[in-house]
Amino acid sequence: MARDLRNLRVLIVEDNVRNYALLARLLSFMGVKQTEWKRSGWHVLEFAREAMPQVDLILLDIHLPEEDGYEVLTRLRKDERFQGTKIVAVTADITGQNLTRAQTAGFDGFLAKPIDVDLFPDQIRRILDGEVVWDLG
Amino acid sequence: MAQQAVESSSANNPPQITPHPVHSLGMRGGLGKTLLVAFLLLTIVPLSLLAFLTYNQIQQDTGRKLVASLEAMAALKEAYLVDRIEGYERELTLLASKLEESGNLTAELETLLGLDPALTELVLVDGKTGAVLARSGISGQESRVFESLGTAGQGLVMMAGDRPMLAVRHSWDDRQLVGLVGWDALREIIVDHDLPDGGATSLVLEGGWVLSTEGLNLLSPGGEEADSEGIAHLLQGEIGSGAYVNQVGVPVYGAYRWNPELGVGILAEESQSRAQAAGNALTALIVGMTLAVALVTSALAAVVTRRVTRPIVQLTEKAAWMARGDLDQRVMISRTDEIGVLARAFNRMAAELRVLYDNLEAKVAERTQQLEAANEQTQVYLIQLATSAEVARVATSIRDLDVLLATVVTLIDQSFELLHTSIYLLNEGGEWATVVASRDQSGGEDSRSVPVPDRVKGEGRAVIDRVVTDGRRRVVRAVPHSNGQGGSEQEKQLQPAVVCEMAVPLKVKDRVLGVLLLQSGRVDDFYDGQQVVYQSLSDQISIAIENARAYTAERETVERLRELDRIQSQFLTNMSHALRTPLNTIIGFSRVLLKELDGPLNEVQRDDLDAIYDSGRQLLGLINDMLELSHLELGVAPFAPSDVDLAETISGVMATARALARGKAVQLYEEVPSDLPAVYTDGQRVRQVILALLTNAVKFTADGSIYLRVAVDDGQVTISVRDTGVGMPREERERILADVLPDEAESGQTRPGFGLAISKRVVERLGGRIWVDSVEGSGSTFSFTLPIGRPGDQGTS
């Protein structure tokens, strides 16, 4: 545990609460204290500055209600508040079509569901270190 | 058919018989000339021969006669000469008796001379000495000649200087009286007009002197040679006659007679030309006669020839005219002889020929008509054939039924020039016949449905009902309601009337699909031969309809299947996603528990959680396989070929496989050639296949060895995985790669999957082949090939 993750601020955009719970648990085992759950991209943008003025990492599901992950990513990238934020796709859709799209969309990482519990902490750390991680499951 | 066409084309142009004028046949010159020449030769040649022979005979006779007369003349002259000489001798005797030998002998002699005027001189010669005793009236110069008279025994005639003289002697006692007869008396003897005109008598003396009326000539000074044959004979003392050239170069007949007593030759000659003058006149007469006869003969021959040849020439000319096709020629000869018979026979023959020819022309005309009809029929057949071929072509090239039928209807309507052509098709239940394509000569199209009530009761189109009912074609003549099925009264009047129609069933086997209805304005349409053609066309259309329908059905099926595939793919994708979401939780949390992040676990709890986690992973594997299979089936699975180093790929796979085999008594061996070329393929996919085969081998080999072998051969690389495991029966071997079946799990030890099914599809996508060899109980060998070169490379197919 070279890095202290206690002050890391993470947003998890996920419509399935159990999957959010799993990710949150895994993050907390890593020492992350500030984790917020949003059911949609819209909720991310509406998220109060006061509650989390800076976001370090967003784990973004692709299949979302209302807007899909790509639209959310585009809007997040336009917002100056998320300029330094690492945005990682976490999705069960590993079709070639989706992979290609994700690669060109500009994600900082791609984690396939089901996520590998054993590999997850390391993958997150590598992403935070600036490495682009693609785990196709 | 082609032969008919050829015959008919020649029949269209019967050979024109054009009589050409007969300008010259060359017959008049031929036969006439021959006859004339023959006539003339037959008359003139014998006549000429006869004339020649006659002339010859005359010539010979004339010569002979002349010679005889000349001989007689010569004899006569000799006799006359002798007679005259004897007369002179008698006179001399008389004178001698009067000689008295008085003193003056000379005077006495002159007196005596005066008594006989024929004598010019008298000489008295001494008989013993020969000396001249006396003489009368002679000049001194001449006396020398006479001096030799008594001494030399000269001939009777002698030369006195340049003048000949005839010496006549009378001897008595020792005296001799010589009387000389002068030139004039001699000349009187020679000149004799008894000879024919031009004839001449000469005296030839010894020494070559020739005494003729023209004078005295010395033939030859030597006297030994003579130019004239007659003189030569005379000088030799001969008597005879002959034809020769005389001394002045004139051809003559001559008679010669030498009198040795007198020492004188008589030569009677007549010029041959003179002698022949008479013969020439006769010859001229004969030639003239001959010519006259020839002329008359020629004229006669010409007349006869003409009389004989004219009818023959006429016949010949007429025959030539006839030969050139003018059979109306007749010969105008009214004779009773053979030529008349010939002419009548000719006329009869010409008349018969005329009749025969007329018959022939009639036959030719008839045959021509037949050929034209056949030709027309051939044209129709050709159109029908062409239409059939076109319909066949359309039937195979157009798949859209409506377009097909519209094209066919237009084709038939235009090819056969019909008034109206339409195709009715029955609906599925067979209750309705609907016009699906229609065409009339105005180009208009018609489309409406015709009810088929009770199949019989249709008004106007009852024929369609009946054809649909029994499937037999029908021809209706005198169509009651003319002109199609529509249009205003005005339109109906503008269109030509339909006089007959034909309804042909469109059948496939015994099933009636519809009806082809044809309407024509020609009375002679739709008879036997044409019916067959239309039936054949209908059969083609029927097949085309069936094909088009089958094609449509097939196309719809394909589209439906494609849609089904798309739906299936989407379904699987959605399903995969939907299944992964709960699996995420199951696998994730069971793993969290197993890692004892939530607290320590006892043995039983750990085993239970293991089962949950393991099953979750299996389920995930199955979902992945399913998704991949469907993507491979649909051809949407991504492939990324590049130049792949197979050796590297294999060493990586072998490491993974060894990890899989950990804990089993299985040894893995690899045999890879060192000079393995780079293979243009998808390395990840190849890795996937090799791993699947190795996984399968490990799965079915509890204890033994697994060999991976790579071989390069003929542009492809073969990778085989052999195990010493349980093997498989033949039936399983056959279906293990063919069917999409989950790999059988061995009593829960390994996870079931679709590895082999996926491998088969992947290998095929990579352009290779996969197969299995196996003996039950002694292991299996899975092999697959990969092409080395890029697709399209030379020599690596």
Problem set entry | B:SER615 being part of a helix (DSSP H, G or I), buried (at least 18 other Cβ atoms within 10 Å of the Cβ) and either at pLDDT 85 or above or more than 10 Å from chain A (Cβ to nearest Cβ) (or both) | no
Problem set entry | Condition met for B:LEU327 (without any contact (Cβ under 8 Å) to a residue 60 or more places away in the chain, within 41 Å of the chain's Cα centre (by Cα) and not in a helix (DSSP H, G or I)) | yes
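With the condition kept exactly as written, say whether any residue in segment A:66-74 is away from chain B (no Cβ under 14 Å), touching a helix residue (DSSP H, G or I) at 6+ places or on another chain (Cβ under 7 Å), among the aliphatic types (A, V, I, L, M) and not in a loop (DSSP other than H, G, I, E, B). Even if it seems obvious, please write down each step before you answer.
The first filter runs over segment A:66-74 and keeps only residues away from chain B (no Cβ under 14 Å), leaving A:66-67, A:70-74.
When the remaining residues are screened for being touching a helix residue (DSSP H, G or I) at 6+ places or on another chain (Cβ under 7 Å), the result is A:66-67, A:70-73.
Add one more test, that the residue is among the aliphatic types (A, V, I, L, M), and what stays is A:72-73.
Going one step further and asking which of them are not in a loop (DSSP other than H, G, I, E, B), we end up with A:72-73.
Yes; the residues of segment A:66-74 include at least one that is away from chain B (no Cβ under 14 Å), touching a helix residue (DSSP H, G or I) at 6+ places or on another chain (Cβ under 7 Å), among the aliphatic types (A, V, I, L, M) and not in a loop (DSSP other than H, G, I, E, B).
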For this session: Hey, could you check segment B:695-714 for residues that are at pLDDT below 90 and among the β-branched types (Val, Ile, Thr) and say which is nearest to B:SER759 (Cα to Cα)?
Result: B:THR695
Problem set entry | Conditions (1) within 13 Å of another protein chain (Cβ to nearest Cβ); (2) exposed (fewer than 14 other Cβ atoms within 10 Å of the Cβ); (3) not aromatic (Phe, Trp, Tyr); number of the one not met by B:ASP675 | (1)
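Kindly indicate which of B:ALA38, B:ALA72, B:ALA107, B:ALA51 is over 30 Å from B:SER202 (Cα atoms) and modelled with pLDDT of 80 or more. Steps first, please.
Details: B:ALA72 fails: over 30 Å from B:SER202 (Cα atoms); B:ALA107 fails: modelled with pLDDT of 80 or more; B:ALA51 fails: modelled with pLDDT of 80 or more.
Result of the check over B:ALA38, B:ALA72, B:ALA107, B:ALA51: B:ALA38.
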Exercise. Considering segment A:28-74 alone, what residues qualify as being modelled with pLDDT of 85 or more and among the small types (Gly, Ala, Ser)?
Worked result: A:SER28, A:GLY31, A:GLY69
Exercise. Of all residues in segment A:100-121, how many are within 13 Å of chain B (Cβ to nearest Cβ) and either in a loop (DSSP other than H, G, I, E, B) or touching a residue at least 40 places away in the same chain (Cβ under 8 Å) (or both)?
Worked result: 10
Exercise. Taking segment A:14-56 on its own, how many of its residues are among the aliphatic types (A, V, I, L, M) and touching a Ser or Thr at 6+ places or on another chain (Cβ under 7 Å)?
Worked result: 4
Exercise. Does at least one position in segment B:654-664 carry a residue that is within 14 Å of chain A (Cβ to nearest Cβ), closer than 30 Å to B:GLY789 by Cβ and out of contact with any Lys or Arg (no Cβ under 7 Å at 6 or more places or on another chain)?
Worked result: no
For this session: Could you pull out every one of the strands (runs of 3 or more DSSP E) wholly within segment B:648-735 that has 1 or more residues that are in contact with an Asp or Glu (Cβ under 7 Å, 6 or more places away or on another chain)?
Result: B:665-671, B:679-681, B:703-713
Exercise. How many residues are touching a residue at least 12 places away in the same chain (Cβ under 8 Å) and either within 13 Å of chain A (Cβ to nearest Cβ) or within 17 Å of A:LEU26 (Cα to Cα) (or both) if we restrict to segment B:582-611?
Worked result: 8
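If I ask for residues that are in a loop (DSSP other than H, G, I, E, B) and at pLDDT 65 or above, which ones from segment B:420-478 would you list? Give the derivation first.
Let us first name the residues in segment B:420-478 that are in a loop (DSSP other than H, G, I, E, B), namely B:427-431, B:441-448, B:452, B:456-461, B:471-473, B:478.
Result: B:ASN427, B:GLU428, B:GLY429, B:GLY430, B:GLU431, B:ARG461, B:GLY471, B:ARG472, B:ARG473, B:ALA478.
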Exercise. Taking only pairs six or more apart or across chains, which ones have beta-carbon atoms under 7 Å, a first residue in segment A:10-37 that is facing chain B (nearest Cβ under 8 Å) and in a helix (DSSP H, G or I), and a second residue that is crowded, with 18+ Cβ neighbours inside 10 Å and hydroxyl-bearing (Ser, Thr, Tyr)?
Worked result: A:ARG18/B:THR585; A:ASN19/B:THR581; A:ASN19/B:THR585; A:LEU22/B:THR585
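Out of the residues in segment B:620-634 that are surrounded by fewer than 17 Cβ atoms within 10 Å (Cβ to Cβ) and more than 13 Å from every other protein chain (Cβ to nearest Cβ), which is modelled with the highest pLDDT? Talk me through it step by step, then tell me what you get.
Applying the first criterion (surrounded by fewer than 17 Cβ atoms within 10 Å (Cβ to Cβ)) to segment B:620-634 yields B:621-622, B:633-634.
Filter once more, so that each one left must be more than 13 Å from every other protein chain (Cβ to nearest Cβ): B:622, B:633.
Details: B:LEU622: 85, B:GLU633: 80.
The qualifying residue modelled with the highest pLDDT is B:LEU622.
Kindly indicate which of B:ALA544, B:ALA550, B:ALA637 is modelled with pLDDT under 90, away from chain A (no Cβ under 14 Å) and buried (at least 18 other Cβ atoms within 10 Å of the Cβ). Even if it seems obvious, please write down each step before you answer.
On the way: B:ALA550 fails: buried (at least 18 other Cβ atoms within 10 Å of the Cβ); B:ALA637 fails: away from chain A (no Cβ under 14 Å).
Answer to the check: B:ALA544.
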Exercise. If you go through segment A:66-77 one residue at a time, do you hit one that is of a type in the set (Val, Ile, Thr), surrounded by fewer than 19 Cβ atoms within 10 Å (Cβ to Cβ) and within 27 Å of A:LEU99 (Cβ to Cβ)?
Worked result: yes
For this session: Might you let me know whether segment B:218-232 holds any residue that is part of a strand (DSSP E or B) and modelled with pLDDT under 65?
Result: yes
For this session: Could you tell me which residue of segment A:122-137 is farthest from A:PHE29 (Cα to Cα), considering only residues that are without any contact (Cβ under 8 Å) to a residue 60 or more places away in the chain and not in a loop (DSSP other than H, G, I, E, B)?
Result: A:TRP134
Exercise. Counting only residues that are within 14 Å of chain B (Cβ to nearest Cβ) and farther than 22 Å from B:LEU620 by Cβ, how many does segment A:75-99 have?
Worked result: 0
Exercise. Of the residues that make up segment B:381-397, is at least one over 41 Å from the mean Cα position of the chain (by Cα), exposed (fewer than 12 other Cβ atoms within 10 Å of the Cβ) and on the phi > 0 side of the Ramachandran plot?
Worked result: no
Exercise. Checking B:LEU517 against (1) more than 53 Å from the chain's Cα centre (by Cα); (2) assigned to a helix (DSSP H, G or I), which test does it fail?
Worked result: (2)
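Is it true that some residue in segment B:25-35 is aliphatic (A, V, I, L, M) and at pLDDT below 50?
At the first step, the residues of segment B:25-35 found to be aliphatic (A, V, I, L, M) are B:25, B:27, B:31, B:35.
After this cut, where a residue has to be at pLDDT below 50 as well, the list is B:25, B:27.
Looking for residues that are aliphatic (A, V, I, L, M) and at pLDDT below 50, one finds at least one in segment B:25-35, hence yes.
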Exercise. For segment B:553-573, which residues satisfy the criterion of being of a type outside the set (A, V, I, L, M) and at pLDDT below 85?
Worked result: B:ASP565, B:ARG566, B:GLN568, B:SER569, B:GLN570, B:THR573
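Tell me, yes or no, whether segment A:42-61 has at least one residue that is within 14 Å of another protein chain (Cβ to nearest Cβ), surrounded by 19 or more Cβ atoms within 10 Å (Cβ to Cβ) and closer than 26 Å to A:ARG125 by Cβ.
Start the filter on segment A:42-61 by keeping residues that are within 14 Å of another protein chain (Cβ to nearest Cβ), which leaves A:59, A:61.
Narrowing further to those that are surrounded by 19 or more Cβ atoms within 10 Å (Cβ to Cβ): A:59, A:61.
After this cut, where a residue has to be closer than 26 Å to A:ARG125 by Cβ as well, the list is A:59, A:61.
Yes - at least one qualifying residue is present in segment A:42-61.
Being in contact with a strand residue (DSSP E or B) (Cβ under 6 Å, 6 or more places away or on another chain) and surrounded by fewer than 22 Cβ atoms within 10 Å (Cβ to Cβ) is the filter; apply it to segment A:89-109 and report the residue that is modelled with the lowest pLDDT.
A:ILE94
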Exercise. With respect to the numbered conditions (1) within 17 Å of B:TRP172 (Cβ to Cβ); (2) modelled with pLDDT of 75 or more; (3) not in a helix (DSSP H, G or I), which one is the sole condition not fulfilled by B:GLU121?
Worked result: (1)
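The values are calculated or read from the model by the stated rules, or taken from the named source; none is laboratory data. Keep in mind the model is a prediction, meaning the values are calculated, not measured. Ideal geometry is used to build each Cβ from the backbone, glycine not excepted, and the neighbour counts take in all protein chains shown.
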